[in-house]
Structure formats: structure tokens, C-alpha cells
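Scroll down for the structure; my scribbles are underneath it.
The values are calculated or read from the model by the stated rules, or taken from the named source; none is laboratory data. Only a predicted model underlies this, so the values are computations on that prediction, with no experimental measurement involved. Positions of Cβ are generated from backbone atoms using ideal geometry, with glycine treated the same way; all protein chains shown enter the neighbour counts. Side chains are part of the model used for accessible areas, which takes the heavy atoms of the whole protein and leaves out ligands, DNA and RNA. Shrake-Rupley method; radii C 1.70, N 1.55, O 1.52, S 1.80 Å.
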Amino acid sequence: MSRPTVSVAIPSSGRWTLLGRTLRSALAQADVKLEVVLALDTRNQPPAGLTGLSDRRVRIVRPSGRGLSTARNAAVDAAAGEWIAFLDDDDLWAPTKLSRQLAAASDDVDFVYSGALTVDDALQTAKFAPPPDPEKLAGELLIYNAIPAGASNVLVRTEVVRDYGGFDRQFSHLADWDLWIRLADSTRAVTVPDALVAYVQHGESMLLDGGSVSAEFKRLARKHAKYAAALGSEFDNRALLQWLEGRYAAAG
């Protein structure tokens, strides 16, 4: 296969039913030459009949360690595309997601994001989240993880992600937030205003799987204290709690 334009990076810990639906969504992208790099953060083998695995555009990689950030970084390392798009193994894309984001990008743009829908198990829409203005993104990221649908939204130049060191392995829940801060600090973004991503809330959602989000937030605030100071502000812990309450409520 010739070089793809976009590498779709899907980390998965073995939620096979959800993954099959997500793979269909990725492989159904219109008018884009793509590959899917499936980074399996599990020792278990996927079912032989899993939808999409037989597609020649799908490659499986096995991370050298465990954890979401390690799995995403393994996909980044293996990516052959000029651009990389992250997709969690339970979220979904509109068929035009990648083509519209690519169309919005110019030569001086490093990453693109869009609006998103939050949906329930039955894929019924709970709410629409518009994309924040790129000119205001740096300040918004001091308040909450401002890019709707998190990692499943962003299309970014592959070399930019590599130059920035990929996802920081000291974070799990907030690893995408940390990367967006680094990108917003010194690269240019554009948006597509429409909802091109469905952020699926369900009983297996990662935020319901334990871990200390609060501890990660404190680590995030320490790491990017100079970034916040340069903006004449600081990270807002109260806003974080409100944001988490909304996430838990939607997942419950």
C-alpha cells in the first residue's frame, strides 16, 4: 500500500465489542487514504471475526509497556501517514471527519479539531459541544480539557507529535489534555464547527475505571505552571471539579 495521508491511532485494552464498532467508523472515512494502527494494550488476542481486522489498511502493534499513553505512543511510532488522528476504542466518527479536517488545514496549520456530540450507549445524543476558538484555546485549557471528545477529535501532523515527545506516560486520564497544552503553546490550530465526533458514554468509560484524576490534575498544573503564568493566570481546580461532575453524570 502506498503511503497513507492519515494514520488512525486506536489504542485498545480489549473491549472487543466496542472496538469493532469503532473500527467500522474509522474504515468508513470518505475520500481519505488512511491506515489504522491498532495498539493493543492487552495480552489477549482479538476475536478472529472482529469487524475490520481483515482489512489490509489495519495494522496491529504491541506496545512494549502497559497503559494508555504507552499504547498511543506505540501507534505514533508506527504511523506512516503525514497526519495522525487519535480515536479511542469506544468513540465514533462521522464519515467525513477526516476529509473535512484535512480540507480545513493549510500549510501553516499543525492540528485541527471540530465540534462533538456526547451520546449514550444507544447512541442517543445528550449534548453538542462546539469547538473552542483556537485563539482562545490556550486560556480555555487552564480551566478544563477544552477540546470536545478529547483525543478522538484531534488531527495533527505526525512529525509534530513526535517532535513534542508524544503522550506523557505520567498521565493516563489527562494525557490528551497535557498534549493539547503543549501544542497550543507553540503551534497553530484551526477548527471545523460541526460535530464530527461522537463521544460515547457508557459503563466501561475510562473515567469510571478508578485512578486519581485529582492527583493527575495537580501534576498537570505543576508541569505547566510557567505556561499558566505566561498567560497571567493559573489552573482552575474548581472548574475541573465541575467538568468531572459533568463527565460522571453523562456516563452514569
Please work out which residue is least open to solvent (accessible area, probe 1.4 Å), limiting yourself to region 56-73 and to residues that are under 15 Å from residue 90 (Cβ atoms) and out of contact with any Asp or Glu (no Cβ under 6 Å at 6 or more places or on another chain). 72
Hey, does region 216-224 have a residue that's under 17 Å from residue 149 (Cα atoms) and either modelled with pLDDT under 80 or not in a loop (DSSP other than H, G, I, E, B) (or both)? no
Please specify each residue of region 219-230 satisfying the condition of being surrounded by 14 or more Cβ atoms within 10 Å (Cβ to Cβ) and farther than 18 Å from residue 68 by Cβ. 221, 224, 227, 228
Scan region 175-197 for residues that are farther than 12 Å from residue 104 by Cβ and either open to solvent by less than 20 Å² (accessible area, probe 1.4 Å) or among the aromatic types (Phe, Trp, Tyr) (or both) and jot them down. 175, 176, 177, 178, 179, 180, 181, 183, 197
From the list 7, 2, which residue is at pLDDT 95 or above and either touching a Ser or Thr at 6+ places or on another chain (Cβ under 7 Å) or over 19 Å from residue 196 (Cβ atoms) (or both)? 7
Inspect region 146-161 for any residue being in a helix (DSSP H, G or I), touching a residue at least 40 places away in the same chain (Cβ under 8 Å), under 12 Å from the mean Cα position of the chain (by Cα) and under 22 Å from residue 235 (Cα atoms) and give the result as yes or no. yes
Please work out which residue is most open to solvent (accessible area, probe 1.4 Å), limiting yourself to region 30-55 and to residues that are closer than 19 Å to residue 82 by Cα and either out of contact with any strand residue (DSSP E or B) (no Cβ under 7 Å at 6 or more places or on another chain) or part of a helix (DSSP H, G or I) (or both). 31
